[in-house]
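Here's the structure we're looking at; comments come further down.
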Amino acid sequence: MLRIGIIGTGAIADAHIRGWRAFPDDARIVAVADVVPGRAAAKAADAGLGDVSIYEDTDAMLREERLDIVSVVTPPSAHAGVTIAALDAGVHVLVEKPMAPSLEQCDAMLAAQRRSGKVLSVVAQNRFRDDTATLKAVLDSGLIGSVSHVRVDSAWWRGVPYYDLAWRGTWEQEGGGCTLNHAIHHVDLLLWLMGRPSEVTAMLTNAQHDNSAVEDLSVAVLRYERALAQLTSSVVHHGEEQTIVVQGAEASVSQPWSVHADVTQPNGMPAEGGDPARTARIESFAATRAPLAHTGHDGQIDDVIRAVLDGRPPLIDGEQGRAAVELVTAIYEAGIERAHVRLPLTAEDPYYRSAALIERAPRFRAESALDPSLA
């Protein structure tokens, strides 16, 4: 039986608690920690975790408890420190997205994973969805031909009070805005589907949140060898209509699910009715894909359990978590410097470390708008 610790008790901790409890034959939550007095005890009580140890000191929990795996669900600025401490204590780690606010911190986490030999997995629960798994399978099948264009709308909506928490809406503590903290899901999916682009350009703005120093909207264009992708990251989109549309040489597929396959007339215009045979092949391929046994956080937690028990790497490791942060960093650099940014980013790039982002990023509202009592 794997012994699980939960570090951090914000809203996303509930998904981790449910996920670990979904596998009672393999895992048991034995400890909960939060640096804010009373929060860990309150979360344990709300979740019905009667027989767990409560800590306000993460180091004490790692020192005193015999833990196998911890879920790190602190604010992003604390991910690196807590993850490194856990790995160095010989504990496997599942850390929430984003992996860390900077590539420098990501690399420090990866170094800790290598010297510990323990599992480090970064949450990307949207890979464990049947609709995105179907999209990935269709792309890998080659049925749509070579990819020409990908459009990703990471469309969310958050009201102004969302940024009243003192750590939110700050470059220093949240590490960025919607591009890092909301679109990271879609950034990971785009990398999963298409791999790393060679070049990025972008624009950033704050359209609707006067109490936030960070962007609430960004639009990026990514260059691949023969394809382009566009990524919209937003917390100003009413209806939160999130889409991924992939245009191939032979057909397009998208989530929410749809398939289109055009063929040409002699004059180059699309023929009425398109290519029903190819559409049917794609639909049949998608329909025969076996559904996932577990989805969302449950699916990723199941994979982490199997990785630990079987002594194998997780499906989503620290390198993949770093790749998502790298692309977000490139988007910020491109938007702030009004530049075209080449990938990969190296340690010589000024944005490799948080200091450059904090120093150069625009402040979209006055720092005094924050209310420290809401931390």
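The values are calculated or read from the model by the stated rules, or taken from the named source; none is laboratory data. All values reported here derive from a predicted model rather than from experimental measurement. We place every Cβ from the backbone using ideal geometry, glycine too, and count neighbours over all the protein chains shown. Each accessible area value is taken on the protein alone, full model and side chains, heavy atoms only, with ligands, DNA and RNA left out. Shrake-Rupley method; radii C 1.70, N 1.55, O 1.52, S 1.80 Å.
Overview of results
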| item | result |
| --- | --- |
| Candidates I144, I184 - the one that is within 16 Å of P101 (Cβ to Cβ) and of a type in the set (A, V, I, L, M, F, W, C) | I184 |
| Residue that is farthest from L309 (Cα to Cα) [pool: residues in segment 41-67 that are open to solvent by less than 40 Å² (accessible area, probe 1.4 Å) and either of a type in the set (D, E, K, R) or assigned to a loop (DSSP other than H, G, I, E, B) (or both)] | K43 |
| Extreme residue, least open to solvent (accessible area, probe 1.4 Å), among residues of segment 285-307 that are over 24 Å from V70 (Cα atoms) and not in a loop (DSSP other than H, G, I, E, B) | A286 |
| Any hit, segment 188-202, residues being at pLDDT below 95, part of a loop (DSSP other than H, G, I, E, B) and either open to solvent by 30 Å² or more (accessible area, probe 1.4 Å) or within 20 Å of A361 (Cα to Cα) (or both) | no |
| Tally of residues being of a type in the set (A, V, I, L, M), in contact with a helix residue (DSSP H, G or I) (Cβ under 9 Å, 6 or more places away or on another chain) and either under 18 Å from R28 (Cβ atoms) or without any contact (Cβ under 8 Å) to a residue 40 or more places away in the chain (or both) across segment 305-326 | 1 |
| Hey, V245 β-branched (V, I, T), farther than 30 Å from H79 by Cα, touching a helix residue (DSSP H, G or I) at 6+ places or on another chain (Cβ under 6 Å) and open to solvent by less than 70 Å² (accessible area, probe 1.4 Å) or not | no |
| Pairs, first more than 22 Å from D14 (Cβ to Cβ) in segment 283-299, second aliphatic (A, V, I, L, M) and assigned to a helix (DSSP H, G or I), C-beta under 8 Å, six or more apart | F285/A137; F285/V138; A286/A137; A286/V138; R289/A133; R289/A137 |
| When residues of segment 205-242 are limited to those that are assigned to a loop (DSSP other than H, G, I, E, B) and of a type in the set (S, T, N, Q), the one most open to solvent (accessible area, probe 1.4 Å) | Q208 |
| Which listed residue, of V82, V70, is open to solvent by less than 10 Å² (accessible area, probe 1.4 Å) and either under 22 Å from D14 (Cα atoms) or among the hydrophobic types (A, V, I, L, M, F, W, C) (or both) | V70 |
